[in-house]
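Shown next, in structure tokens, is the structure this report addresses.
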Amino acid sequence: MPRTLLQKVWDLHTVRRLPSGQTQLFIGLHLIHEVTSPQAFDMLRRRGVGVAFPERTYGTVDHIIPTLDQSRPFADGLAEQMMAALERNCDEFGIRVAGLDSDRQGIVHVIGPELGLTQPGMTIACGDSHTSTHGAFGAVAFGIGTSQVRDVLASQCLAIAPLKVRHISVSGELGPGVYAKDVILEIIARLGVRGGVGYAYEYGGEAVERMTMDERMTMCNMSIEGGARIGYVNPDETTFAYLEGRPHAPGGDAFVRAKEWWRSMASDADAAYDDVVEIDGGAIEPRVTWGINPGQSIGVSQPIPDKASAATDGEAIGEALDFMGFTAGSPLAGTRVDVAFVGSCTNGRLSDLREAARVARGSSVASHVRALVVPGSTQVRQAAEAEGLDEVFLQAGFEWRGAGCSMCLAMNPDRLNGREVCASSSNRNFKGRQGSPTGRTLLMSPAMVAAAAISGEVTDVRTML
Amino acid sequence: MSGVTPIDRIKGTAVPLRGDNIDTDRIIPARFLKEISFSGLGAHVFADDRRSMPGHPFANADFAGASILLVNENFGSGSSREHAPQALMRWGIGACVGQSFSEIFLANSTTIGLPCATAAAADIEALMAITEHAPTTPMALSVRTRTITAGGRTVALHFPAAVRDSLLTGQWDATGLLLSEFEDVQRIASRLPYVTGF
Ligand code: SF4
């Protein structure tokens with residue numbers, strides 16, 4: 001019977017059906033970071049249980065690390081404590097870790113792929129909801145909580161219920177200045193922030209097939225913002241070319257054999273889906289969020305919606321407009337921004353920095369804007385510096401930082417103050433997400449962030465390319 | 001926390017929290033995640049909302065000591081932080097009843113022994129109205145009978161079968177269960193091409 005990639009990977013990793021009806025699923029790669037793992041290790045110690053497959057877990061530090069002064073001990077005592085706990089735990093249980101002293105350090109969802117740890121056909125779990133990112137490689141990858149981190153450490157398994165699959169096909173060709181970020185914002189706006197509950201999203205169609213791995217990762221990363229715990233793209237030549245030669249990818253003859261197997265894991269052409277959605281990629285504009293969840297976005301040329309424009313969501317629109325201080329019916333373009341942030345596991349990769357640099361080159365950041373570029377990993381940072389992107393940004397008046405989660409969330413020194421408006425390439429515009437309870441986040445592509453930084457207001461990047 | 005504690009009945013007063021899509025950043029803002037233990041989280045639940053939203057139920061003395069949380073749609077969306085149900089539990093919540101829950105929040109809650117049940121929108125509205133009107137109204141939730149009673153009214157609840165089963169059998173803490181057939185785990189690992197080096 002024809003099967004989807006999800007079904008193939010699921011079947012292969014099923015240890016057994018549990019009495020509850022859930023599956024005991026083997027986890028091929030477990031990624032950990034400093035925020036959601038320390039309590040899990042403590043639970044293990046309290047039970048006197050060890051780590052079953054230490055070689056199948058890999059750790060790094062990203063959420064709490066400062067991106068300016070990274071000398072130890074950190075100025076923030078709590079951050080230092082978390083960092084030290086991760087180092088101690090990995091050391092004690094024999095787990096590999098890319099710490100701050102390693103040039104492999106970075107945001108967990110950036111380094112997994114970059115090191116070739118993330119591969120097609122795997123099951124991947126991490127105590128972080130954006131683990132869906134790794135699905136770009138044709139892996140089944142999802143976020144888990146801390147008690148489940150404990151379970152994976154103890155048994156390399158999870159108890160989890162099977163999911164349905166929705167195939168989302170993006171046809172045509174994206175216009176200039178339109179990116180994967182705009183496509184996924186469009187999808188979430190269309191299907192809603194709960195639309196994906198119970199589903200894995202499989203992305204396909206010409207526009208996705210043409211995307212680079214970086215772009216596919218941006219799409220899969222934000223699946224969770226549409227309610228889907230898993231998003232994936234079937235592995236193809238683009239996937240294999242990306243993986244070839246990566247430190248943890250198979251090499252030589254093993255790579256040739258791996259490719260055969262990876263190819264066999266893709267969804268069969270005649271696989272049946274629980275739902276199918278078609279999106280016209282050519283019709284998508286650069287998008288910007290105007291509200292307080294990632295489903296509240298519009299094309300940059302459209303007016304901010306009013307309560308009456310939505311059949312069911314009127315109350316949510318009202319709450320969002322109140323919080324943002326925006327007026328229904330007025331344009332979002334022209335909104336003054338105070339901060340511009342290029343970075344995060346959604347859009348902190350080399351190609352993202354290149355697109356932002358294309359816009360920034362030879363221009364200057366508006367005088368009232370604080371702008372920062374934070375590479376997603378140390379490797380991204382080094383690669384960007386090798387091609388001079390740091391100089392482009394610095395000359396334009398952007399800050400150039402060390403790798404980490406930075407202003408995507410408020411667990412390190414980078415944050416909004418008061419009611420600042422931030423043009424951000426990250427993934428969440430929830431109230432308080434960027435560190436100030438009243439701070440306001442406008443999600444958009446890295447190129448759009450750069451355009452907003454230069455002009456000092458939300459601007460259609462297509463006019464600047 | 002023991003692996004074989006069945007969970008069925010939760011009794012006490014309730015706290016109504018109106019609104020859809022209340023995400024985990026709001027339940028427990030990220031700055032409170034900088035702890036290597038969960039123990040102090042109860043004090044910070046809804047820290048920002050309590051300050052910025054006058055009359056927030058978690059800042060209202062009428063609802064202090066409540067053990068059942070009433071919510072609307074898509075509660076617990078966003079970040080996968082288990083800190084969110086942990087914080088609610090440490091504040092005193094023993095069960096949640098809502099129109100719907102995000103998947104990761106539901107999984108995290110189940111895994112720490114916090115039952116999350118769904119009910120029809122009209123029933124949620126009725127329960128919220130009861131507790132808003134008389135905050136001391138005792139409520140009793142049963143996982144086994146899938147009901148909650150409040151002020152003489154009984155409302156039908158729904159749980160995914162696996163969630164209900166794991167609560168009633170005490171297998172909500174999955175570690176022991178997952179380790180019980182470890183040879184099977186090793187057998188599965190040994191036939192995965194990427195484990196054996198292709
Ligand atoms: S960049 Fe943001 S979303 Fe990604 S892992 Fe870090 S905090 Fe989470």
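The values are calculated or read from the model by the stated rules, or taken from the named source; none is laboratory data. Everything numeric in this text was worked out from a predicted model, so none of it was measured. Because the Cβ atoms are built from the backbone with ideal geometry, glycine has one as well, and the counts that use them run over all protein chains shown.
Of all residues in the range A:39-60 being in contact (Cβ under 8 Å) with a residue 60 or more places away in the chain and part of a loop (DSSP other than H, G, I, E, B), which is surrounded by the fewest Cβ atoms within 10 Å (Cβ to Cβ)?
The residue in question is A:GLY50.
Go through (1) away from the ligand (no atom under 15 Å from the Cβ); (2) more than 14 Å from every other protein chain (Cβ to nearest Cβ) one by one and return the number of the condition A:CYS422 breaks.
Just one mismatch for A:CYS422, condition (1).
Could you identify the single residue in A:GLY127, A:GLY112, A:GLY116, A:GLY145 that is within 14 Å of chain B (Cβ to nearest Cβ) and at pLDDT below 95? I'd like the intermediate steps shown before the answer.
On the way: A:GLY127 fails: at pLDDT below 95; A:GLY112 fails: at pLDDT below 95; A:GLY116 fails: at pLDDT below 95.
Of A:GLY127, A:GLY112, A:GLY116, A:GLY145, the one residue that is within 14 Å of chain B (Cβ to nearest Cβ) and at pLDDT below 95 is A:GLY145.
Would you please list the contacts, defined by Cβ atoms under 6 Å and residues six or more apart or on different chains, that run from a residue in the range B:154-179 that is without any contact (Cβ under 8 Å) to a residue 12 or more places away in the chain to a residue that is crowded, with 17+ Cβ neighbours inside 10 Å and assigned to a helix (DSSP H, G or I)?
Here the result reads B:LEU178/A:ASP151; B:LEU178/A:SER155; B:LEU179/A:SER155, each pair linking the range B:154-179 to a residue that is crowded, with 17+ Cβ neighbours inside 10 Å and assigned to a helix (DSSP H, G or I).
Report whether or not A:LEU372 is within 16 Å of the ligand (Cβ to nearest atom), more than 14 Å from A:LYS181 (Cβ to Cβ) and either within 19 Å of the chain's Cα centre (by Cα) or assigned by TED's automatic domain parsing to the domain that holds A:SER102 (or both). Give the steps one after another, and end with the answer.
Working: within 16 Å of the ligand (Cβ to nearest atom): yes; more than 14 Å from A:LYS181 (Cβ to Cβ): yes; either within 19 Å of the chain's Cα centre (by Cα) or assigned by TED's automatic domain parsing to the domain that holds A:SER102 (or both): yes.
Yes: the conditions hold for A:LEU372.
Please determine whether any residue of the range B:72-84 is among the acidic types (Asp, Glu) and part of a helix (DSSP H, G or I).
Just the residues of the range B:72-84 that are among the acidic types (Asp, Glu), to begin with: B:73, B:82.
Those still in the list that are part of a helix (DSSP H, G or I) too: none.
For the range B:72-84, residues among the acidic types (Asp, Glu) and part of a helix (DSSP H, G or I): absent.
Can you find a residue in the range A:412-422 that is among the charged types (D, E, K, R) and not in a loop (DSSP other than H, G, I, E, B)? Walk me through how you get there before you give the answer.
Restricting attention to the range A:412-422, the residues satisfying the condition of being among the charged types (D, E, K, R) are A:414-415, A:419-420.
After this cut, where a residue has to be not in a loop (DSSP other than H, G, I, E, B) as well, the list is none.
No: zero hits.
Do we find a residue being of a type outside the set (Phe, Trp, Tyr), within 13 Å of the ligand (Cβ to nearest atom), part of a helix (DSSP H, G or I) and over 16 Å from A:ARG358 (Cβ atoms) anywhere in the range A:439-448?
Looking through the range A:439-448, none of the residues is of a type outside the set (Phe, Trp, Tyr), within 13 Å of the ligand (Cβ to nearest atom), part of a helix (DSSP H, G or I) and over 16 Å from A:ARG358 (Cβ atoms).
Quick one: would you say A:MET407 is modelled with pLDDT of 95 or more, touching a Pro at 6+ places or on another chain (Cβ under 9 Å), outside any loop (DSSP other than H, G, I, E, B) and of a type in the set (A, V, I, L, M)?
Details: modelled with pLDDT of 95 or more: yes; touching a Pro at 6+ places or on another chain (Cβ under 9 Å): no; outside any loop (DSSP other than H, G, I, E, B): yes; of a type in the set (A, V, I, L, M): yes.
No, not satisfied.
Looking only at the range B:34-49, which residues are within 24 Å of A:ASP76 (Cβ to Cβ) and outside any loop (DSSP other than H, G, I, E, B)? Outline the logic, then answer.
Here is the first cut: in the range B:34-49, the residues within 24 Å of A:ASP76 (Cβ to Cβ) are B:34-48.
B:LEU41, B:GLY42, B:ALA43, B:HIS44, B:ALA47, B:ASP48 - these are the residues of the range B:34-49 that are within 24 Å of A:ASP76 (Cβ to Cβ) and outside any loop (DSSP other than H, G, I, E, B).
Any residue that is outside the structural domain of A:TYR179 (by TED's automatic domain parsing), touching a residue at least 12 places away in the same chain (Cβ under 8 Å) and not small (Gly, Ala, Ser) - is there at least one of those in the range A:308-316?
For the range A:308-316, residues outside the structural domain of A:TYR179 (by TED's automatic domain parsing), touching a residue at least 12 places away in the same chain (Cβ under 8 Å) and not small (Gly, Ala, Ser): absent.
List the residue pairs whose Cβ atoms are under 8 Å apart, where the first residue sits in the range A:428-442 and is within 13 Å of B:PRO29 (Cα to Cα) and of a type in the set (A, V, I, L, M, F, W, C), the second is part of a loop (DSSP other than H, G, I, E, B) and within 15 Å of the ligand (Cβ to nearest atom), and the two are 6 or more positions apart or on different chains.
A:PHE430/A:ASN293; A:PHE430/B:GLY78
Every residue in the range A:394-418 that is among the charged types (D, E, K, R) and more than 20 Å from the chain's Cα centre (by Cα), please. Spell out how you get there, then give the answer.
Just the residues of the range A:394-418 that are among the charged types (D, E, K, R), to begin with: A:399, A:401, A:414-415.
Once the filter is applied, which keeps residues that are among the charged types (D, E, K, R) and more than 20 Å from the chain's Cα centre (by Cα), the range A:394-418 yields only A:GLU399.
Check B:ASN108, B:ASN72, B:ASN21 and return the single one that is closer than 20 Å to B:VAL143 by Cβ and either touching a Phe, Trp or Tyr at 6+ places or on another chain (Cβ under 7 Å) or within 13 Å of chain A (Cβ to nearest Cβ) (or both).
On the way: B:ASN72 fails: closer than 20 Å to B:VAL143 by Cβ; B:ASN21 fails: closer than 20 Å to B:VAL143 by Cβ.
After ruling out the rest, the residue left standing is B:ASN108.
Out of A:PHE93, A:PHE74, which single residue is more than 8 Å from chain B (Cβ to nearest Cβ), away from the ligand (no atom under 16 Å from the Cβ) and within 30 Å of A:GLY435 (Cα to Cα)? Let's see the steps before the verdict.
Details: A:PHE93 fails: within 30 Å of A:GLY435 (Cα to Cα).
Residue meeting the stated conditions: A:PHE74.
From the list A:VAL380, A:VAL373, A:VAL339, exactly one residue is more than 14 Å from A:TRP400 (Cβ to Cβ) and not acidic (Asp, Glu). Which is it?
Working: A:VAL380 fails: more than 14 Å from A:TRP400 (Cβ to Cβ); A:VAL373 fails: more than 14 Å from A:TRP400 (Cβ to Cβ).
Within the list A:VAL380, A:VAL373, A:VAL339, the selection yields A:VAL339.
Collect the residues in the range B:141-188 that are surrounded by fewer than 19 Cβ atoms within 10 Å (Cβ to Cβ), of a type in the set (A, V, I, L, M, F, W, C) and within 14 Å of chain A (Cβ to nearest Cβ), keeping them in residue-number order.
Correct list: B:ALA161, B:LEU168, B:LEU179, B:PHE182.
If you check A:ALA403, A:ALA384, which single one turns out to be away from the ligand (no atom under 12 Å from the Cβ) and within 18 Å of A:GLN105 (Cβ to Cβ)? Quick ask: steps written out before the conclusion?
Values: A:ALA403 fails: away from the ligand (no atom under 12 Å from the Cβ).
It is A:ALA384.
Do you know which residues across the range A:384-419 are in contact with a strand residue (DSSP E or B) (Cβ under 8 Å, 6 or more places away or on another chain) and within 14 Å of another protein chain (Cβ to nearest Cβ)?
If the condition is that a residue be in contact with a strand residue (DSSP E or B) (Cβ under 8 Å, 6 or more places away or on another chain) and within 14 Å of another protein chain (Cβ to nearest Cβ), then A:GLY404, A:SER406, A:MET407, A:CYS408, A:ASP414, A:LEU416, A:ARG419 are the ones that fit.
Residues that are under 30 Å from A:PRO120 (Cβ atoms) and in contact with a strand residue (DSSP E or B) (Cβ under 6 Å, 6 or more places away or on another chain): which helices (runs of 4 or more DSSP H) entirely in the range B:118-197 hold 1 or more of them? Please lay out each step first, then the result.
Details: elements: B:121-133, B:161-169, B:175-179, B:182-190, B:193-196.
Those helices (runs of 4 or more DSSP H) span B:175-179, B:182-190.
Could you check A:MET324 against (1) over 27 Å from A:HIS109 (Cα atoms); (2) within 16 Å of the ligand (Cβ to nearest atom); (3) hydrophobic (A, V, I, L, M, F, W, C) and say which number it fails?
(2)
Residues of the range B:50-66 being in a loop (DSSP other than H, G, I, E, B) and more than 14 Å from chain A (Cβ to nearest Cβ), which ones? Don't jump to the end; show me each part of the working.
Narrowing the range B:50-66 to residues in a loop (DSSP other than H, G, I, E, B): B:53-56, B:60, B:64-66.
Within the range B:50-66, B:GLY55, B:ASN60, B:ALA64, B:GLY65, B:ALA66 qualify.
Being within 14 Å of the ligand (Cβ to nearest atom) and in contact (Cβ under 8 Å) with a residue 60 or more places away in the chain, is that true of even one residue in the range A:357-368?
Taking the range A:357-368 and keeping what is within 14 Å of the ligand (Cβ to nearest atom), we get none.
No, because not a single residue in the range A:357-368 is within 14 Å of the ligand (Cβ to nearest atom) and in contact (Cβ under 8 Å) with a residue 60 or more places away in the chain.
Let me confirm something: among A:GLY362, A:GLY318, A:GLY295, which residue is surrounded by fewer than 17 Cβ atoms within 10 Å (Cβ to Cβ) and part of a loop (DSSP other than H, G, I, E, B)?
On the way: A:GLY318 fails: part of a loop (DSSP other than H, G, I, E, B); A:GLY295 fails: surrounded by fewer than 17 Cβ atoms within 10 Å (Cβ to Cβ).
After ruling out the rest, the residue left standing is A:GLY362.
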